[in-house]
1. Would you tell me the accessible area of Glu129, worked out with a 1.4 angstrom probe on the heavy atoms of the protein chains, in Å² to the nearest 10?
2. Please give me the summed charge of the neighbours of Arg237: other residues whose Cβ is under 10 Å from its Cβ, Lys and Arg +1, Asp and Glu -1.
3. Restricting to the chain, compute how many DSSP beta bridges are antiparallel as a %, nearest 5.
4. Using only the Cα atoms of segment 202-348, build the gyration tensor, take square roots of its eigenvalues as a ≥ b ≥ c, and label the shape rounded, prolate or oblate: rounded if a/c is under 1.5, else prolate if a/b is larger than b/c, else oblate.
5. So how exposed is Arg36, as accessible area in Å² (1.4 Å probe, rounded to 10)?
6. Quick one: length gained pulling Ser8 to Ala191 fully straight, 0.36 nm per residue minus the C-alpha distance?
7. Counting pairs of Cα atoms in segment 251-320, how many percent are more than 21 Å apart?
8. Give me the extension gain from Glu230 to Ala62: residue separation times 0.36 nm, minus the current Cα-Cα distance, reported in nm with one decimal.
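The values are calculated or read from the model by the stated rules, or taken from the named source; none is laboratory data. These numbers come from a predicted model, not from an experiment. Here the Cβ positions follow ideal geometry from the backbone for every residue, glycine too, while neighbour counts run over all protein chains shown. SASA here: full protein model, heavy atoms, side chains in, ligands and nucleic acids out. Shrake-Rupley method; radii C 1.70, N 1.55, O 1.52, S 1.80 Å.
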Amino acid sequence: MTQIAPTSLTLRRPDDWHVHLRDGPMLAAVVPYTARQFARAIVMPNLAAPVVTAADAAGYRARIEAALPAGSNFTPLMTAYLTDGTEAADLLRGHANGVLTAAKLYPAHATTNSAHGVTDIFTLMPVLEAMAGTGMPLLVHGEVTDAEVDIFDREAVFIDRVLAPLVARLPELKVVFEHITTQQAVDFVDAAPATVAATITPQHLHLNRNALFAGGLQPHVYCLPVVKREQHRLALRRAAVSGSPKYFLGTDTAPHARSAKEAACGCAGIFNAPYALESYAAVFEEEGRIDRLEGFASEHGPRFYGLPLNEGRVTLERVSQQVPAELPAGEVLVPFHAGETLGWQLRV
Ligand code: DOR
Ligand code: ZN
C-alpha cells in the first residue's frame, strides 16, 4: 500500500514535562523558546540557590512570568527541590494552593547544582508518604552517584538500589522517572504500576554514545544522564512510539553558554527548546508512528499529572529548516541539531 506523506500535522498544543529555565538574564533569553513551543512546562528547581520551599517556588514563578514575551499564555508548573531537610507540611501546603505541582529528587551530586540533593531517599519516607496521600508526583533524576559505579550503568543501578525498592514500598506514590536512557528503565516502567511514568528527551531518541566522540569530543551532545549504547536508544524509541500512556514528552532542555560547554570541564546539558517538537516529530516519523506523536506530546503527560488537556492547537508543516549553528540569546547558545536540517517546521 502506498501512503502519501502528510504535508502538515495539527496537534493539540503540547506541554514539556521537564525544562531548565535558569534565572536572571539566561531565563529571559531562553524562556521565549519554551513558551513558543509549549503551553505548560514543569520547571526544574536546580538553580544555583535551589528552589526548596513553596515560597522559593512562588518567587521563581513570578520571575518566569515577568520574563515571558508580551501576550504569551505559557504556564510554568513549579517544582520543589527535595533536600534532607524538606518539610512535608510546606510541600503539601504549596501543592494545595497551586504553587507546587511536584517535587524533584536529585541524588546529591548527581548533576548540575545538585550538591543539596538527598543523601538517602529512604530517610524522606514521611515526606513521600504525605505526597502519595495527596497525589503530588515525585520526579526522579534516576542515577546513583557512587563514583565506583560506571557512569553508563548509573541509571540501571539506581533502579535496583533505589527506584524498585521505593515503588515496592509506596506503590501509590506517583513517580515520574525523568529523562530515561536505558532498556532497563523501559523494562522497569513497563512492568511498574500505573503510578509510574517516564519522560524521554529528544537527544536520547536521536543519539547513542558514539555521538559524544564522533570526529572528536563533542561537548554539545553531553548531558546527564549521558547518552547510552544503540540498543538503549532503540528501546527508548520503541517506548516513545508505543502509545503507552506511561511515556511522555520532557525535553530536559538545559542551556549553558557556549563558553561553559566548550571548556576544560564542560557543563552537562543540551539546549533543545528551540526545535523540540520538530525533533520529536522526526523520530516519530522515522519510526512510522507520526500518528502517535500527539499522545506522547499532548495527552499522556496531563493525564498522568491529573491536569486538563490543552485546548489550543499547533501545526507542524513539512517544510525543511536549517538549524542555526548558534543562537544569540544574550549568551551564545548552541541549539540541539545545530547545522542540521529538520524536515518539519512548527507554526503556532
Ligand atoms: O544534562 C543535564 N543538565 N542534566 C541534568 O540533570 C541537569 C541539567 C542542567 O541543569 O544543566
Ligand atoms: Zn533536567
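1. 100 Å²
2. Details: positive: Arg233, Arg238, Arg289; negative: Glu286, Glu287.
In short, +1.
3. On the way: 13 of 39 bridges.
The antiparallel proportion sits near 35 percent.
4. Details: a/c = 1.70, a/b = 1.44, b/c = 1.18.
Prolate, since a/c reaches 1.5 and a/b exceeds b/c.
5. So the heavy atoms of Arg36 present about 100 Å² to solvent.
6. On the way: separation 183, 0.36 × 183 = 65.88 nm, distance 3.56 nm.
Fully extending the segment from Ser8 to Ala191 adds 62.3 nm.
7. Working: 1067 of 2415 pairs.
Of all Cα-Cα pairs in segment 251-320, 44 percent lie more than 21 Å apart.
8. Numbers: separation 168, 0.36 × 168 = 60.48 nm, distance 4.14 nm.
Gain on extension, Glu230 to Ala62, equals 56.3 nm.
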